[in-house]
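Reviewing the structure listed below.
Since every read-out is calculated from the coordinates, none of them should be taken as a lab result. A quick note: this is a predicted structure, and the numbers were derived from the prediction, not measured. With ideal geometry, Cβ positions are generated from the backbone for all residues, glycine too; neighbour counts draw on all protein chains shown.
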Amino acid sequence: MKYYNLFFLFNIIPFLTFASKINSCIEDKTIALTFDDGPFKYTEELINILNENDIHATFFINVENYWKDLQNNKDKQKILKKAHDSGHQIASHTWKHYISSDINEFDSMMNKTDSWIENVIGDRPAYFRAPRGECYSECVEYLEEKKYKLIQWDTDTNDWDISSGASYRAKRAKSFLNESFEYKRSNYLILMHDVYEHTVREIVPWIINNKPKGYKFVTVAECLGDKSSMYRTNKVVSDELKKDENEIEKVKETKFENEVENDVEKELKNKNDVKKESQIENDVDKKLQNDNNNEKDSQNDNNNEKDSQNDNNNKNESQNENEAKNIPIIEKEENGYSLNNLSDNVNNDNTNNDPNIYNETNNDNNNYNTEVNTDPMNNFNSNTVINNNNNDDNQGNLVYESSTLSFYKNNKIIVFLLTMVLLKIFVNVY
Ligand SMILES: [Zn+2]
């Protein structure tokens, strides 16, 4: 058991130590061309070739390596600036292709390199490749602490090995790459050196012409989906942030506009509601007015009915008198029938909750005038009553004529005597 644990630890430690090393790309169908140890006399030619083919590559540079005067040579520095401004990624490969075992010295040289690069191209690198890919535990911990992306490779052209001649190396490199491209891996992170003529003039042109179809040449940061973090002082990041800020502002403006629109809509709705309410109030007022008018009309009708009723009362009185004197009354029974019905209606109306109606009913000796102000059925009855009353009116006239004639008939002697008296007075005068 004890030996098993030791075996496990020895196997896991290397993975933990080098966990932050990046050996391959992430994005599918991407080819990241990387060039170490420059810049040098072939670098500008390489940049032109890449630019002519609309290819972005990555340069892991040294400040003091093949060119010893790069640190102070503005013309040579312009090559790096040109590469940067063309869209190629500029990353650190140490000051002089060397990593000190003294971590403080290493830190000092890393900062010196990055500051120099930043001074030349305007951006401070966030990507790093160790010389020969050799970065052990302390180096990795330091790079992790300083948030560097430590880049390795997965496709090595071995272009640096010219022991058998540059032509041989170029031929071997092309053969190796041809075989590698036939596998059509998801992506390729290819290691080269722009300090060699055969690399710039033979290998790179061959790669451009023989890459697998559908693959795109990109920078390392792009092949890792990390373009915005290419530099620590990244204009791309700033642009992205600015873009995001603009989008946020747009969203805010849109939101504000929507809110204003909503407010306007709400206000309009409120206005409409108020309008509707006032319309409803007006309608209610109108309805009430109409009801009052109807009430007044009905009241007038009632008054008419009262008048009719009074007439009828007078008629009834006459009828009673006539009955007492055995004078025949036309359609007496029909009147009586109508009146009885009216009385029934009045009795029904006593259940009406309206106190005015109830009072009217009580105050009205004839009662049936309180037919009004009830439901449509009662109104219908009221109309019926009015019609009946109209009939009564007609009948009343007949009764009136009949009673006048009967007066003369029943008082012949009195009339005769009065006539004689008036005749005597007339004779005496003349
Ligand atoms: Zn190197």
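If a/c stays under 1.5 just call it rounded; otherwise compare a/b with b/c (prolate if a/b is bigger, oblate if not). Do that for segment 2-232, with a ≥ b ≥ c from the square roots of the Cα gyration tensor eigenvalues.
Details: a/c = 1.59, a/b = 1.14, b/c = 1.40.
Note, shape of segment 2-232 comes out oblate.
Cα centroid distance between segment 50-126 and segment 201-215, in Å?
About 25 Å separates the Cα centre of segment 50-126 from the one of segment 201-215.
Quickly work out the ILE103-to-LYS21 label distance, labels modelled 7 Å from Cα along the C-beta direction, and quote it in nm with one decimal.
1.9 nm
Diagonalise the Cα gyration tensor of segment 55-141 and give the resulting equivalent ellipsoid semi-axes, square root of 5 times each eigenvalue, largest first, whole Å. Please list the in-between numbers first.
Numbers: eigenvalues 99, 41, 24 Å².
Equivalent ellipsoid of segment 55-141: 22, 14, 11 Å, largest first.
Can you sort CYS139, CYS25 so the residue with the fewest Cβ neighbours within 10 Å comes first? Display every interim value, and only then the final one.
Working: CYS139 19, CYS25 23.
Fewest-to-most Cβ neighbours within 10 Å comes out as CYS139, CYS25.
Using 0.36 nm times the number of residues separating SER86 and GLU182, minus their current alpha carbon distance, what extension gain do you get? Spell out each step's value before the answer.
Values: separation 96, 0.36 × 96 = 34.56 nm, distance 3.03 nm.
Additional length available on full extension: 31.5 nm.
Just want the ordering: ILE90, ILE99, from fewest to most Cβ atoms lying within 10 Å of their own Cβ.
Numbers: ILE90 25, ILE99 20.
Exposure proxy ranking, most exposed first: ILE99, ILE90.
Ranked by Cβ crowding within 10 angstrom, fewest neighbours first, how are ARG232, ARG132 ordered? Show your work: numbers first, answer last.
On the way: ARG232 15, ARG132 10.
Fewest-to-most ranking of ARG232, ARG132: ARG132, ARG232.
Using θ = phi - 60° and the Karplus form 6.51 cos²θ - 1.76 cosθ + 1.60, what ³J(HN,Hα) does each residue of segment 95-107 get, whole Hz, x for Gly and Pro?
Listing the rounded values in order: 5, 10, 6, 7, 10, 6, 6, 7, 5, 5, 5, 4, 4 Hz.
Extension gain LYS68-THR233, at 0.36 nm per residue separation less the Cα-Cα distance, in nm? It would help to have the intermediate numbers written out before the result.
Working: separation 165, 0.36 × 165 = 59.40 nm, distance 2.69 nm.
Once the chain is fully extended between LYS68 and THR233, it gains 56.7 nm.
Which of the pairs LYS29/LYS78; LYS29/LYS112; LYS147/LYS174; LYS29/LYS171 have their Cα atoms more than 27 Å apart in this structure? Provide the component values of the computation, followed by the final result.
On the way: LYS29/LYS78 32 Å; LYS29/LYS112 36 Å; LYS147/LYS174 35 Å; LYS29/LYS171 25 Å.
Distance filter (> 27 Å) returns LYS29/LYS78; LYS29/LYS112; LYS147/LYS174.
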